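Take a look at the structure set out below.
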């Protein structure tokens, strides 16, 4: 009985992880602006990845594989947002601004 | 179940590739490379589970490390035009 619950739970995690990944990937394609695509990428990196790794860990049960999966999950959990931040910072530094970005100077002119 | 995840990941990888070729700015391409790397890591992990080969997870861990380092290296190169010694005041600053 208990194994069946774990099996069903891992099913749910893996399927929802796959759905999140697809949503994020479609978002990367369809969003108009670089900054909104960055948001779609972070959906993939965080939600999709964590759910998938958790589903696989449940599937593997208590074994050495689960430890490897935990290491991969923690590593991706840390480097995913870091890489996204690096891309955003590089884009921002090179003058690429979101459309609705009001510079401090512009705000004074408008105000 | 893993087949569903594998198919979803394949589709996501192709979408990432499409963004890589279509991306107008350089940073769209860096973003697409990063996304493709994450999808590949997860795809290798899922394939490891599909074929009952637990050693695939070592490959996916290695690829996660390389992917992150690669993304940061690309960004650093295009920011400072050099990978080695970095000038104190990068000329790309606005």
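The values are calculated or read from the model by the stated rules, or taken from the named source; none is laboratory data. Here the structure is a predicted model, which means the values were calculated and not measured. Cβ sites come from the backbone with ideal geometry, for glycine too, and all protein chains shown count toward neighbours.
The residues listed here are A:5, A:23, A:78; of these, the one that is within 23 Å of residue B:31 (Cβ to Cβ) and exposed (fewer than 14 other Cβ atoms within 10 Å of the Cβ) is A:78.
Among the residues of region B:1-34, those identified as more than 7 Å from chain A (Cβ to nearest Cβ), in a helix (DSSP H, G or I), over 28 Å from residue B:49 (Cα atoms) and without any contact (Cβ under 8 Å) to a residue 12 or more places away in the chain are B:21, B:22, B:29. So which residues in region A:22-43 are more than 7 Å from chain B (Cβ to nearest Cβ), over 15 Å from residue A:80 (Cα atoms) and touching a helix residue (DSSP H, G or I) at 6+ places or on another chain (Cβ under 9 Å), if there are any at all? Within region A:22-43, A:23, A:27, A:30, A:31, A:35, A:36 qualify.
May I ask you to list the residues in region B:3-32 that are surrounded by fewer than 21 Cβ atoms within 10 Å (Cβ to Cβ) and closer than 24 Å to residue A:51 by Cα? Passing the criteria: B:3, B:4, B:6, B:7, B:10, B:11, B:13, B:14, B:17.
Do we find that residue A:10 is at pLDDT 90 or above, out of contact with any strand residue (DSSP E or B) (no Cβ under 9 Å at 6 or more places or on another chain) and within 10 Å of chain B (Cβ to nearest Cβ) in this structure? Answer is yes for this residue. Out of A:86, A:47, one residue alone is surrounded by fewer than 21 Cβ atoms within 10 Å (Cβ to Cβ), facing chain B (nearest Cβ under 8 Å), in contact with a helix residue (DSSP H, G or I) (Cβ under 8 Å, 6 or more places away or on another chain) and modelled with pLDDT of 85 or more. It is A:86.
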